C-alpha cells in the first residue's frame, strides 16, 4: 500500500469513515458479544520541524541506532530466537561501506520446523475469540505509534534510505493504520450475513480461517507492508509463515517483537528470513500450504504462481490455495490542456521522485499537451533542480536519499547510461549518479517523441521519468496509447484536467489501465480506509489492500442453516 500523506497536520478522519456497528464473534467459548470496536481512524502525522519535540526524539533514536551498528536481526519460531548458521550482510544504502545489519538464512530444517510449529498453534488461535485477536493488534498499533514510534522510524530511515517524512508515514502511521483498520474491516466482514429468510429458519455465515498456513512474502520498500501481509490473515484466525525482505529485515524484526509484546501467541506468526527460493520451495511443497500473501516483483510472483499451479496439478495440497499478490507498476500522469499545470507539475515531482521512485505506484511516464508543454517542462525542470539529495539521518531535510542496494543502483545506472546515448531521447534533468559513498541517483527526466519508446514500458523502480509531448488534437487517440503502454502493468494512473468531459473520456477509456485511478492527484496517494489499493493485469490480483476484500481472501466461509420446526412428511404438496 503506497501511502502519500499531506505535508500538513492531519486530524483523525473517523468522521469520513464508515463506523462499524455491532459485530458478532465466531467464538465458541465465553460470550464476547455484542461489542463495538473503536471508530476507524488514520494516525495523524507530526511535522518534524526543526526543534520540535518529535524532531528531537527521532534525532535521539537515530543517534542511538547508529551507535549500535551493526544491529542484529534474527530468526524466530516457537517464539524464540533461533541459531543462525549463515547470513548475508546488509550495508547502509547511504553508506555502503557501513554494515547496517545481517540477514540470517534459515535452513530447510528450520523452515520446516517453523511451519509445523505454526500448524500446532492453529487450533487454539482460530478458536480465540475475535475480540481477543483484535485487542492484540489494537495494542500493537499503540506500541507502534507510542513506545516504538521513533525506533521504527529510525530503523526505516537507516535501513531503507527513507527521509523522516517517508519513514513517518510508513513505519509509524501506515503500519498502525493497517493494525487498527484491519480490525474494523474484519468486523465489517463478520457482519455480512444473509438478510433474507423464511419463517422458522435461520441462515448464518461462519468465516472460518483457511485450513493450513499462509505464506507471507514482504518487500523492502514499506515497513508497513510486512505488518499488513501478516496481520490480515492472522486477524482472521490463520497462522502465518513470514519471509521478510533482506533489505527490510531489521525493521521487520522490530514489528515481530512488537506483536509478541502486544500479546500475539508466539507460534501464530513464524518470522523466518531465508533464501527466497529455498523457503518458497519448502512452503509450496507442504500439504498444508493454504494461501500466499505476496508483494514484490511481477516476475517473482509469476514464478511462485506457476509453482503453486504445479502443486495443484499434482494434488499436493488439501485445498486450492488462495493466491493474493501485488506486484509492479508503470504508472502514468496524463495531462489535458485544461489542467492546472503548476499543481500537475508538483504532483508529478512528488509522484516520480518521493522515496527515489521506489514505490510500486511511483509515476514513471507522463503525457503532456503541446500547448502547455513549455509551461509544464519549465516548471518541472525548475522543481527537479530544487530537489535536495542526502543521507537520511545526516541531512535530515533532504527530499531524496539513496536507492536500496547495489543491484538496484546498477540496474538504474544501466538504464540511464543507455538512455543518455539514445539519440531518440532528450535529457531534461539529471542523468547522473554517484556510488562513491552511497547508492545515489539524481532525479532524471527524459523526453521522447514516441509514446512507444521502451521507457514507457520498462519498469525501472528508480527516479527516472519519461515524458511525451502530444498534439492537443490527438487527445482522444492518445488514450489507447496510454492504455496499451506500461509494460502490461495496470496499477495506478492519473488524469489532470479541469474539463469534465475530458475527465469522463479518460476515466472511461482507461477503465482497465489502473486499479487505482486518480483525478487531479498523483499516482501515489492511497490512504488506508479511504482508498483501497491494488492493480490488475501484470500488477497483481487486485484484492484491494486496505479493505475487507483482502481479508475475505483468507477465510473459507461456512453457510449454516438451522430449522426450528419438524418436517411433517416428505411428499410435495403437488402429490396430494
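The values are calculated or read from the model by the stated rules, or taken from the named source; none is laboratory data. Because the structure is predicted, anything quoted here is derived from the model rather than measured. All Cβ positions, even for glycine, are placed from backbone atoms using ideal geometry, and neighbour counts span all protein chains on display.
The table for this structure:
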item	result
Test: residue 102 is within 23 Å of residue 182 (Cα to Cα), at pLDDT 95 or above and either surrounded by 14 or more Cβ atoms within 10 Å (Cβ to Cβ) or out of contact with any helix residue (DSSP H, G or I) (no Cβ under 6 Å at 6 or more places or on another chain) (or both)	no
Some residue of segment 509-519 being surrounded by 15 or more Cβ atoms within 10 Å (Cβ to Cβ) and in a helix (DSSP H, G or I)	yes
Evaluation of residue 262 against (1) crowded, with 18+ Cβ neighbours inside 10 Å; (2) assigned by TED's automatic domain parsing to the domain that holds residue 146; (3) in contact with a strand residue (DSSP E or B) (Cβ under 7 Å, 6 or more places away or on another chain) (one fails), failing number	(3)
Checking residue 84 against (1) more than 28 Å from the chain's Cα centre (by Cα); (2) in a loop (DSSP other than H, G, I, E, B); (3) farther than 27 Å from residue 269 by Cα, the condition it does not meet	(3)
Options 167, 154, 114; residue that is out of contact with any strand residue (DSSP E or B) (no Cβ under 7 Å at 6 or more places or on another chain) and farther than 23 Å from residue 441 by Cβ	154
Filtered residues of segment 41-81 (kept if crowded, with 16+ Cβ neighbours inside 10 Å, within 17 Å of residue 257 (Cα to Cα) and at pLDDT 95 or above)	65, 71, 73, 74, 75, 76
Residue under evaluation residue 418, criteria (1) surrounded by fewer than 22 Cβ atoms within 10 Å (Cβ to Cβ); (2) in a loop (DSSP other than H, G, I, E, B); (3) at pLDDT 95 or above, criterion not met	(2)
Flag for residue 241 being touching a helix residue (DSSP H, G or I) at 6+ places or on another chain (Cβ under 7 Å) and not in a helix (DSSP H, G or I)	yes
Residue identified as more than 16 Å from residue 464 (Cα to Cα) and either touching a residue at least 60 places away in the same chain (Cβ under 8 Å) or not assigned by TED's automatic domain parsing to the domain that holds residue 223 (or both) among 383, 390	390
Residue among 524, 541 that alone is more than 24 Å from residue 456 (Cβ to Cβ) and touching a residue at least 12 places away in the same chain (Cβ under 8 Å)	541
Test: residue in segment 82-99 that is surrounded by 14 or more Cβ atoms within 10 Å (Cβ to Cβ), in contact (Cβ under 8 Å) with a residue 12 or more places away in the chain and within 30 Å of residue 181 (Cα to Cα)	no
Residue count, segment 287-318 (criterion: touching a residue at least 12 places away in the same chain (Cβ under 8 Å) and either part of a helix (DSSP H, G or I) or surrounded by 21 or more Cβ atoms within 10 Å (Cβ to Cβ) (or both))	16
Tally of residues being assigned to a helix (DSSP H, G or I) and either crowded, with 23+ Cβ neighbours inside 10 Å or assigned by TED's automatic domain parsing to the domain that holds residue 156 (or both) across segment 350-375	7
Residue among 141, 187 that is crowded, with 20+ Cβ neighbours inside 10 Å, touching a strand residue (DSSP E or B) at 6+ places or on another chain (Cβ under 6 Å) and farther than 29 Å from residue 280 by Cα	187
Conditions (1) more than 21 Å from residue 156 (Cβ to Cβ); (2) in a helix (DSSP H, G or I); (3) in contact with a helix residue (DSSP H, G or I) (Cβ under 9 Å, 6 or more places away or on another chain): number failed by residue 343	(3)
Among residues of segment 423-456, those that are touching a residue at least 12 places away in the same chain (Cβ under 8 Å), on the phi < 0 side of the Ramachandran plot and assigned to a loop (DSSP other than H, G, I, E, B), counted	13
Residue check, residue 568 outside the structural domain of residue 459 (by TED's automatic domain parsing) and within 30 Å of residue 210 (Cβ to Cβ)	no
Complete set of residues in segment 457-473 that are under 17 Å from residue 363 (Cα atoms) and assigned to a loop (DSSP other than H, G, I, E, B)	457, 458, 459, 460, 461, 462, 463
Hey, residue 209 modelled with pLDDT of 95 or more, closer than 23 Å to residue 305 by Cβ and more than 21 Å from the chain's Cα centre (by Cα) or not	yes
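Residue-by-condition table, conditions (1) surrounded by fewer than 20 Cβ atoms within 10 Å (Cβ to Cβ); (2) in contact with a helix residue (DSSP H, G or I) (Cβ under 6 Å, 6 or more places away or on another chain); (3) within 30 Å of residue 48 (Cβ to Cβ):
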position	(1), (2), (3)
391	no, no, yes
401	no, no, yes
441	no, yes, yes
472	yes, yes, no
493	no, no, no
